[in-house]
Amino acid sequence: MNPEQFNLNRNDLGTIVKRHFGNPKLQFKIESPEVAPFSASRVGYLGDHFFLKLKVILDEGKREEDLKLFLKILPTAIPTLTTYLEGIGTFRKEVRLYSDLFPLMGQFTRFAPKAYLAKDDRLLVFENLALEDFRTIGGADMGIFDKAHLEQALKALARFHCASLMLETKTGRSLVELSPGALDENCWILKDANPRVEELENAIQVLCELVKVVEKDNEKLTAILEKMPKFMLQIYDLVKPSDRYRNVACHGDLWGSNLMFKYSEAGLPVDCLIVDFQFARYAPPAYDVNMLITLTTTGDFRKAHYQELIDLYYSAVRQEFIAQCLSPEEIFPERLFRESCARYKVSGMIDNFLMNHVTLLPRNCVDMIFSSPEEYNNFSGDDKIRMCLGVLNNDAKYRARISGIIRDLIEML
C-alpha cells in the first residue's frame, strides 16, 4: 500500500527518517516507501496496525538502510468504531502525549517506544520494538503474568511515574499546566452524550448476568446483585485526580497486551516497555499499580504476593529518584503511597472486570466482533450479554478466570 493512502506525504516521511537517525540536517533519499499489514488477525481494540517500510539511501548513494517502523492509525473500516474513538478522543490524547509530554519525560528515563511522527489526531509512527527483541508475553494463559514478568512490568511503571514526577519537580509546574487537556479523563466521565456511560451500564448488566450463573447457589445472591451496580459506579470518582495523594501521568489501560518484554538468552524477562496510552489520566500512581497487579494475576496470587509487589514497585521508584540525585521521600513519600494503595485496590477490582470480561474473550469471538460494521454494532446490549454468557458456559478457561474475578469483587462488597 502507498503511504499516501494513510495521509503520509513526502515531508512526513522525511521527518520520520530524520528523527529515526537523530539528525535534523541529514541528507538522504527515500525509495520504495510501503505500508504493509502488521498481522493477519486484529492486534488491538482501539487502532489499526501496520508496518511502514522505507528504503533510505545515505552518504550520496554509498549506504542503504531498510527501515521497518510501526504505524498505528484510527480505524476507519467500521464507521461506528471510528465515531466512538473520535468522540472519546483516544488518538487525540495519545498524539498530544507523544507530541508534548513524552519528549520532556523521556529525558529522565525510557518507559515507552519513541514516536517519530504524531499527526492529525489519528496517526502515529513508532520505532519498531520488535527489532530490539521486545514482544508481548507469549505464554500468558488468560492474561496471567508470572512473578518475573510482573517485576519487570512494575519497574517500567515506576520509570513512567517517576519521569512524570521528575518533570514536575524540574519545571515547578504540573503536567496539567505543561500540557493542558492531554491528561483529561476520557474513559469514565459521567456526562450526557458520553458513549462510555451506556457502555458502563451495559458492562454492569453483563456482570450481573454472569454473577447469576457463577453464584447461582449463593444464598446471598439477591443482596449481591443489589450492591454490585453501586460498587461498580465508584469508578467515576476513583479515576479523578486526588486531593490527598500526589498525582502522576497514569496509563489507565494496563492489560497484558499493552506491555512488551525483552528476554535474556535463558528466556527470562529483563526489561519492559509500555505501549498504548489512549486512556492516560492524571491520578495517583497507586491507581496504575493496582490495575496492573489485579488485571494480570489471580486473587490467590495477590493474597500471597501483593505486599511484596508493592515493595518492589516502591524500591524501583527509590532507585530512579536516587539516580537523579532526588529524594523520593520529599517528592513521593512512601507512607502516603502505601496508604493510597489500600484505597485504589477498589479501582483495580472494578477495572479487572470492566476490561477482562472483553479482553479475555477467545480470539474467534474478537475476530467476529471486528469482522464487519454489523457485527461490531451488535456487540452491545443483549447481544453482548448472550456472547459473554455463551463463552462462560462453553470455555472452561474463560469461566475459571471470570469466576475468580467475580468472587474477588464480591469479597469487597
*13 Å beta-carbon shell around PRO269, net charge (K/R +1, D/E -1)*: -1
*Folded to 0 to 90 degrees: helix 396-412 orientation relative to the chain principal axis, Cα*: 70 degrees
_For the pair ALA193/ASP217, report the inter-label distance in nm, with labels modelled 7 Å from Cα in the Cβ direction._
5.1 nm
*Rounded, prolate or oblate (a/c below 1.5 giving rounded, otherwise prolate when a/b exceeds b/c) for segment 44-195 by Cα gyration tensor*: rounded
_Set of lysines near LYS55 by C-alpha distance (under 27 Å), chain-local residues within fewer than 8 positions excluded_ = LYS18, LYS25, LYS29, LYS68, LYS72, LYS114, LYS119, LYS262
*Pop out the ³J(HN,Hα) list for segment 165-170 in order, Karplus 6.51 cos²θ - 1.76 cosθ + 1.60 with θ = phi - 60°, rounded to Hz; leave Gly and Pro as x.*
5, 5, 5, 5, 5, 5
*Mean Cβ neighbour count within 10 Å, used as a protection proxy, ranking 161-167, 23-29 highest first*: 161-167, 23-29
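Could the peptides 122-128, 190-196 be put in order, highest first, of the mean number of other beta-carbon atoms found within 10 Å of their residues?
In descending order of packing, they fall as 122-128, 190-196.
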*First check a/c for segment 168-267, with a ≥ b ≥ c the square roots of the eigenvalues of its C-alpha gyration tensor; if it is under 1.5, answer rounded, and if not, answer prolate when a/b is larger than b/c or oblate otherwise.*
oblate
*From the phi of every residue in segment 18-34, what ³J(HN,Hα) in whole Hz does the Karplus formula 6.51 cos²θ - 1.76 cosθ + 1.60 yield, where θ is phi - 60° and glycine or proline is x?*
4, 6, 4, 8, x, 9, x, 9, 4, 9, 6, 10, 10, 10, 6, x, 8
*Stretch SER39-ASP300 to full length: gain in nm at 0.36 nm per residue minus the Cα-Cα span?*
90.5 nm
*So what is the calculated 222 nm ellipticity per residue for the chain, using -39500 (n - 2.57) for each DSSP H run with n of 4 or more, over all residues, to the nearest 500 deg cm²/dmol?*
-15500 deg cm²/dmol
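Contour minus end-to-end for ARG173 and ASN9, with contour as 0.36 nm per residue of separation and end-to-end as the Cα-Cα distance?
Contour length minus the Cα-Cα distance gives 55.4 nm.
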*0 to 90° range, to nearest 10: angle between helix 345-359 axis and the chain longest Cα axis*: 70 degrees
_What are the ³J(HN,Hα) couplings of segment 66-82, residue after residue, when phi is run through the Karplus curve with 6.51, -1.76, 1.60 and θ = phi - 60°? Round to Hz, x for glycine and proline._
9, 9, 10, 10, 9, 10, 10, 10, 5, x, 10, 6, 10, x, 4, 5, 4
*What is the Cα centroid distance between segment 37-90 and segment 342-413, reported in whole angstrom?*
28 Å
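Could you grab the relative contact order for the chain? Cα pairs under 8 Å, six or more apart, rounded to a whole percent.
Reported as a whole number, the value is 17 percent.
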*Accessible area of the chain divided out per residue, in Å², using a probe of 1.4 angstrom*: 46 Å²
*Provide the net charge surrounding LEU13, with neighbours chosen by a C-beta distance below 13 Å and charges set as Lys +1, Arg +1, Asp -1, Glu -1.*
+3
_Per-pair calculated FRET efficiency, R0 = 41 Å: GLU339 and GLU374 via Cβ, rounded to 0.05_ = 0.25
*Expressed in nm to one decimal, what extension gain is obtained for the pair LEU389 and SER99 from 0.36 nm per residue of sequence separation less their Cα-Cα distance?*
100.2 nm
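How would you classify segment 81-170 from its alpha-carbon gyration tensor, with a ≥ b ≥ c the square roots of the eigenvalues: rounded for a/c under 1.5, else prolate if a/b is greater than b/c, otherwise oblate? Mind showing how you got there, number by number?
Details: a/c = 1.75, a/b = 1.18, b/c = 1.48.
The shape class here is oblate.
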*Protein accessible area in the chain, 1.4 Å probe - carbon and sulfur %*: 49 percent
*If you project the alpha carbons of segment 290-413 onto their three principal axes, what span does each projection cover, largest first, in Å?*
55, 32, 21
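Between SER32 and THR136, take the C-beta separation as r, use R0 = 25 Å, and let me know the FRET efficiency to the nearest 0.05. Display every interim value, and only then the final one.
Details: r = 29 Å, r/R0 = 1.16.
Given R0 = 25 Å and the Cβ-Cβ separation, E is 0.30.
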*asked:* Please list, by residue number, every one of the trypsin sites (Lys or Arg not before Pro) in segment 141-175 that is coil in DSSP and has at most 16 other beta-carbon atoms within 10 Å.
replied: ARG173
*Tell me, what is the percent relative contact order of segment 56-165, built from C-alpha pairs under 8 Å that lie six or more residues apart?*
27 percent
*Sequence ranges 88-98, 317-327, 264-274, 177-187, ranked by mean other-Cβ count within 10 angstrom, highest first*: 88-98, 177-187, 317-327, 264-274
*Report, to the nearest 10°, how far helix 381-394 tilts away from the longest principal axis of the Cα atoms in the chain, using its own Cα long axis and a range of 0 to 90°.*
80 degrees
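The values are calculated or read from the model by the stated rules, or taken from the named source; none is laboratory data. What you see is a predicted model; the values in this text were computed from it and never measured. When we count neighbours, we look across all protein chains shown, and the Cβ atoms used for this are built from the backbone with ideal geometry, even at glycine. Protein only, heavy atoms only, side chains kept; ligands, DNA and RNA dropped before computing areas. Shrake-Rupley method; radii C 1.70, N 1.55, O 1.52, S 1.80 Å.
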